[in-house]
Each structure stands twice: as structure tokens, then as C-alpha cells.
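Notes follow the structure.
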Amino acid sequence: MLASFRCGLPLLLVWLLAGFQPLTAQTPDPWRITADKIDPSNYYGVTVANGMLGIVSAPVPFQVKNVVLAGAYDQYGRGRVSNFLNSFNLLNMYLEVDGHRLNAQDATNFRQQLDMQRASLTTTFDYQDKASISYTYYALRHLPFTVLLDVSITAKKDVALTAASVMEVPDALRDVQNYYNEIDRPHTTLSLLTSSAKSPTGKLLLCASNSFLFEEPHGQEPRIIHEMWDNNMHLIKFSRSLKAGQKYAYAVAGSSITSAHHPDPLNEAERLTIFARLEGRQRLLDFHAKAWQDLWRSDIQITGDAQAQQDVHSMLYHLYSFSRAGTEYSPSPMGLSGLGYNGHVFWDSDLWMFPALLVLHPDIAKSMVEYRFRRLDMARRNAFAHGYQGAMYPWESADTGVEETPVWALSGPFEHHISACVALAAWQYYCVTQDKEWLREKGWPILSATADFWASRVERNGPGRYDIKNVVAADEWAENVDNDAFTNAAAQANLQAATDAAKLLGLRANPDWLHVAQNIPILHLPDGTTQEHATYHGEGIKQGDVNLLAYPLKTVTSPAQIRKDLTYYETRVPNEGTPAMTQAIFSLLYARLGDGAKAQHFFQDAYVPNLLPPFRVIAETKGGTNPYFATGAGGVLQAVLMGFGGLDITPAGIVQRKTTLPTNWQSVKITGVGVQRKTYSVGR
């Protein structure tokens, strides 16, 4: 019957009903995102970054929108708080062909491609019938402060070229100094274009330097000319004539660093550029490729959904790009994609991005916990100022660890669950690595100090009524409420983890910690649904709160209760205006409950409506325009890893639990998991 029914349908409709794409549809490449129909008025750039330095693309030939440097903050702009600083735009260029400077209108067949496997962005275009041009940006993974622009020009006719590397100063910087140096060596001449400037208050000195890299032998390299345009811009340029059919290649290597990273940033910027210049283009690219090859040993491989595979690779690529091992930095919600959220560190880092990075790259996760450990003393001072014991972490944190939330946002004084999120990350790091030495030296100070905070934070109103009053909930639309579900449950988890850590280390836990944990209330509505807070009566919610008690807190463990809470709160999240976090938790929990259809629905809903052209970058909200929202990517990756992949972080390490794949997935394979780089698979 089914076969005869199909015979009566147009072939295209049969394919669609069977889940196939028409022959004209191109299967998404798992590693490359190509933009060949670019609308400059509807363009949201993609970031090439190495965990320290981020380059944000533009829809204009040889132009860069932003260069963002991790760890560089100063007070300026809105809020009277520390803000991320744009670094020098050290990779802008221009190219003249036969005396005409190319612009956006000159470029035909303009195409950009992000190669996530090699962390590069390549732009290609043609100029009339005269030349074909290709250039690629790299934030070199093995050199945290160094970037590379690789250019190739193929002449279609005899042409005369002039190429310039332009150093531009962001508007916020002041006291600009520009330098040009030529250093002669027996086999080369090093031409250095360098600038320095102070941050708005003078707190930081920012410096950048770059140099051309040529492939010609010494003595045949083109002559470099330096031009000073104004105090905020200078350049170096060279000229070359090409015959029809001739291909010419050159590169620009540059370094950007500040006094937040090095005590002598001006000289160091030039030293790093000289290092890159003398390493040479091919060695730089080889080491960069090797570093990313090592990162991608930890991967998620999906069969049955090519678009999900590409999107998951994009999320991994961005989280890998926005963080790196060996630092004490932790990414902001927008990573290195711009100045969003002032570059501050929130719970977005500890609760949303950290778990995915922890299971795939514990060395990167270690840097994120180190960020919190280094700022423990300031958290202690914050607790003291508010009349509490222990350590109270700030809701928004930057370089110093003081509270950086603008005063008009009540989350600064009241969103206290952040302290438990920091502690949970520290405990999870131990669980995955089983590193007792780290636990003793770094984890225990965080866990014990935050436990002391909660023991002093509760109001002891009798058995079962150790209330936590007057907080901003994880659902931030609920301000100054009592007994928020997530805050209370996270405090319990913090107190329990501190107690468990003491036992592991042979230390004496404060017996009051467990006593307090056992008396913090979790409220319920009359029908048994977990109540978000004491005065909650079914209104809409901004983001996940109650459902986080099932994951990651594991406070709610009964499948019936998990499903009840899901059924209630999944209808309370508006379709617009809420951040891309909550639906990922719904997807994860439905996968664990065995509901593949619901898991698939919320997986898609968690990010697809937030995608922006032309690179499918994730905005914070549906219809939003502020990518890249690394928080949302972290949430979706947890849905894949801990939901569909069944991974679970336990005190004994990473284990795999029973789970369900989305309805259209055939399998998921997760490689390079944990310190032992294990592989886990789930299939139908």
C-alpha cells in the first residue's frame, strides 16, 4: 500500500517525506561555512581568535571590524565600570591595482569562508578582468599575541600593484605614539610598523607592531615605504608589477600586547613581531595547524544531521577560540567577538561554557578556575563589605575581581548564586581530573570560603527554614525575591561539595555546612511543581531556574518530578527577548528522560532562531543582533555532550548514562574526553 501511494506523488515530495534534501540543496560542510551572497547591510562578522586575540571580520575587502585582546580593561563609556578595549587594528590593508584603490564596489564574486578545522577566514574576489585576490586571517594558536594575514594575487593582465599595511588606533585610546624602524641583518631587513597608546584613564599602555613577510630572496624584496597620515594612522607599503598569469604572495605578521600582559609592552610587541617575521610564513602556519589539530582531537561527530554537525563544530570552534590553557582568563558572554557586556565574566563562564570545555579540554577549563582562584581575596572583601563571612564573588568581574556591575543593575548587589556557580565549577574540575593536589591548593580555598559565605548568608528561622532572602534569581526577571529555587539548591550543592572535599583531603569540615544545607528550603506549588521563588505564581521567566535543579545541580532526581517541572516551565519562556540558554537544558533533560522528539525540538529552538547571516553566528536572543553569544553555545554543547552523549560528571569522574538521541540523529561520537582522552558513542 505504501509503495503504491508513493508512486502517485511527485518525486520531489517523496524525497521530502523521506527526509532527503532535493538534489539542488548542498549538504552543509562539517568544517567550513561559506558566505557567497554577502549583504553588507545584513552582515554579522565571524571571529578568528586564539584565546587571547580576536579578529572580527567585515564585509569590505581587506578591512577588519574589531581586534579584541583578552585581559585589557579600563574605565570608560557607560556604567563607570571596567570595559573591554579594542586593540589596535593592525591588519587593515589597502590594495591598489593600476593606481586604483580597491573598494567594496570593485569586488565581484566576493566570497568568505570560515575554516573551523584550521581556524582561518579566507576572502576571495575578482577585480574586473585584471586580478583575482585571496587573503586569509589567522590568530596564531601557538603565539597568543600574534596574528597573520596571508595574501595571494593572481594577475589576469599585466598590472601594477601597491599594497599597504595600515596601523589604526581605536578612538578610545589617547597619547598615541607612532614608530617605524628598519633593522638590517645580513640576510634580511626587518621593517617594523609600531604604535603605542594609553587607555582612556592612562591605566594601560597598549602596543602593536607588524611587518611584511615576503617570499623573495634577500635583495629581491620590494622596497618598503613608510607614510604618516595622521596621529591615529600610519602605514607601510610596497609596489610590484605583475605579468599576466603571474601569482604573487606576501603576508603581514603582527603582534598586540598591553601592560596588563607584560611590563614592557612596546618592546615586547616588536620582539614578538620580529620572532614571527623570522620564523617565516610556512613555519607559522605549520605550528598553527598543529595546535588546532591537537585541539580537535576533542571533537563531537554526528551522523544523520549534517547541519547540526556543522553548527556543533561552529560552537566548539568558538569556545576553543575564546579560551586557552595557561592563562588566568575566563571568557565573557561574547568571548572575543567584540565589546559586548564590557568583556565581563558572569555565571555564563562557570555554569554554561565551563562544563563543555572541562570534559573536552580540562587544561583550558583549569585556566577558567584559575581566574576565580586569583580573585578569591577580592571575593572575601566583597563578603566582608556586605556583612557576610567567607567569599562572595561579584556578579560581573573583570581584571581585578571587584564588583563591576553598573549600579543601575540590581544583579550586582543581589545575584548571589554566582558564588555557588564558581564553587560548582571548582568541584567539577576536581571530579573530572581527580587532581587532589589541585583540590588542596586551589579548589579547597574556593569551596570552603564560598561554603562559609552561605552559612552566614542564610537566615535561620527554624528547621527547614534557613531562608535565603532578597536575591535576584537565576531568572533575572525575578528581582529581590525570597528562596529562589536555583539559588537555594546551588547553595546546598556548594555546602555539600565543600564537605565532600574536606573528607577527601583528610580535613575537618565545618559541621555547620551540612546542617545549613539540610535546612535550606526548596519550595513547591500546590500541584507539586517546584516553585521558582516564594512569590512566584506562574509568570513568564527570562531564563532557566527551576529546571537547573535537575541538571547540573542534581537536586531533583526523580524522573517524574523532572518531567513535571519541565512540562510547567517550558511554557513560561517567551518566544522572544530571552537569552539562548534555557531551551538547551530542556533538550538535555528530555534526552535523559528518553523523549527524542522533545529533545530534538528544544535543541533546535535553543539556537536556530538566533542565527545571523552570513556565518550562522549565534545572537543572544531570537531576533537579536549581538553575536557571538558563547553562553548559548556552551548550553547547546552541554545538551549534546551531557544530554545526547549521556556524559555525566560525578565524584568518581566522567561516566556515561543511558540517554536518547534526537529523532533524526543516527549516532554521536565524542572523542578526547577528560584527562585520559577517552571516546564515548551513542547510536540507534
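General remarks:
- Conditions (1) surrounded by 18 or more Cβ atoms within 10 Å (Cβ to Cβ); (2) part of a loop (DSSP other than H, G, I, E, B); number of the one not met by Val516: (2)
- So Leu339, is it under 30 Å from Ala58 (Cα atoms) and hydrophobic (A, V, I, L, M, F, W, C): yes
- The C-beta contact set for region 621-643 (first residue under 18 Å from Ala308 (Cβ atoms), second residue surrounded by fewer than 24 Cβ atoms within 10 Å (Cβ to Cβ) and among the basic types (Lys, Arg), distance under 7 angstrom, 6+ apart or interchain) comprises Gly643/Arg592.
- So Ala253, is it in contact with a Lys or Arg (Cβ under 7 Å, 6 or more places away or on another chain), surrounded by 22 or more Cβ atoms within 10 Å (Cβ to Cβ) and closer than 18 Å to Tyr137 by Cα: yes
- In region 430-446, residue surrounded by the most Cβ atoms within 10 Å (Cβ to Cβ) [restricted to those that are of a type outside the set (Val, Ile, Thr) and under 30 Å from Asn470 (Cα atoms)]: Gly443
- When each of Leu205, Leu148 is tested for being out of contact with any Phe, Trp or Tyr (no Cβ under 8 Å at 6 or more places or on another chain) and surrounded by 20 or more Cβ atoms within 10 Å (Cβ to Cβ), the lone residue that passes is Leu205.
- Any hit, region 174-181, residues being in contact (Cβ under 8 Å) with a residue 60 or more places away in the chain, over 14 Å from Leu266 (Cα atoms) and out of contact with any Phe, Trp or Tyr (no Cβ under 7 Å at 6 or more places or on another chain): no
- Candidate set from region 371-392 (those that are without any contact (Cβ under 8 Å) to a residue 40 or more places away in the chain and more than 16 Å from Glu459 (Cβ to Cβ)); member that is surrounded by the fewest Cβ atoms within 10 Å (Cβ to Cβ): Ala385
- Pair list, Cβ < 8 Å and 6+ apart or interchain, from region 495-513 residues that are closer than 17 Å to Ala420 by Cβ to residues that are at pLDDT below 95: none
- Filter result (hydrophobic (A, V, I, L, M, F, W, C) and within 15 Å of Val481 (Cα to Cα)) within region 521-551: Ile522, Leu523, Ala534, Ile541, Val546
- Residue in region 354-370 that is more than 22 Å from Ile670 (Cβ to Cβ) and of a type in the set (Lys, Arg) present: no
- For the condition over 22 Å from Phe373 (Cα atoms) and touching a Phe, Trp or Tyr at 6+ places or on another chain (Cβ under 8 Å), Gly335 does not qualify.
- Residue, nearest to Leu410 (Cα to Cα), within region 479-505, restricted to residues that are surrounded by fewer than 24 Cβ atoms within 10 Å (Cβ to Cβ) and of a type in the set (A, V, I, L, M, F, W, C): Val481
- Answer residue from region 405-426, given it is buried (at least 24 other Cβ atoms within 10 Å of the Cβ) and in contact with a strand residue (DSSP E or B) (Cβ under 9 Å, 6 or more places away or on another chain) and is nearest to Ala325 (Cα to Cα) among those: Ile418
- All positions within region 611-625 that are over 11 Å from Pro579 (Cα atoms) and polar (S, T, N, Q): Thr625
- Any hit, region 91-100, residues being in contact with a strand residue (DSSP E or B) (Cβ under 7 Å, 6 or more places away or on another chain), part of a strand (DSSP E or B) and farther than 20 Å from Gly254 by Cα: yes
- Ser330 being out of contact with any Cys (no Cβ under 7 Å at 6 or more places or on another chain), part of a loop (DSSP other than H, G, I, E, B), buried (at least 19 other Cβ atoms within 10 Å of the Cβ) and modelled with pLDDT of 95 or more: yes
- When region 70-118 is limited to residues that are among the hydroxyl-bearing types (Ser, Thr, Tyr) and crowded, with 20+ Cβ neighbours inside 10 Å, the one that is nearest to Leu206 (Cα to Cα) turns out to be Ser87.
- Enumeration of residues in region 284-304 that are within 15 Å of Gly672 (Cα to Cα) and part of a loop (DSSP other than H, G, I, E, B): Trp296, Arg297, Ser298
- Annotation for region 413-432: at least one member residue is farther than 18 Å from Ala509 by Cβ and free of Cβ contacts under 8 Å to residues at least 40 places away in the same chain.
- Those residues of region 543-588 which are touching a residue at least 40 places away in the same chain (Cβ under 8 Å) and out of contact with any helix residue (DSSP H, G or I) (no Cβ under 9 Å at 6 or more places or on another chain), in sequence order: Gly577, Thr578
- Counting residues in region 41-63 that are touching a Lys or Arg at 6+ places or on another chain (Cβ under 9 Å), surrounded by fewer than 21 Cβ atoms within 10 Å (Cβ to Cβ) and at pLDDT below 95 gives zero.
- Filter result (over 20 Å from Tyr430 (Cα atoms) and of a type in the set (Ser, Thr, Tyr)) within region 363-392: Tyr388
- Count - residues of region 453-467 that are among the small types (Gly, Ala, Ser), within 11 Å of His515 (Cα to Cα) and loosely packed, with under 12 Cβ neighbours inside 10 Å: 1
- Yes/no for Leu319 being in contact (Cβ under 8 Å) with a residue 24 or more places away in the chain, in contact with a strand residue (DSSP E or B) (Cβ under 9 Å, 6 or more places away or on another chain) and of a type in the set (A, V, I, L, M): no
- Out of Glu437, Glu459, sole residue that is free of Cβ contacts under 8 Å to residues at least 40 places away in the same chain and within 29 Å of the chain's Cα centre (by Cα): Glu437
The values are calculated or read from the model by the stated rules, or taken from the named source; none is laboratory data. This is a predicted model, so every value here is computed, not measured. Cβ coordinates were reconstructed from backbone atoms using ideal geometry, including for glycine residues, and neighbour counts include every protein chain displayed.
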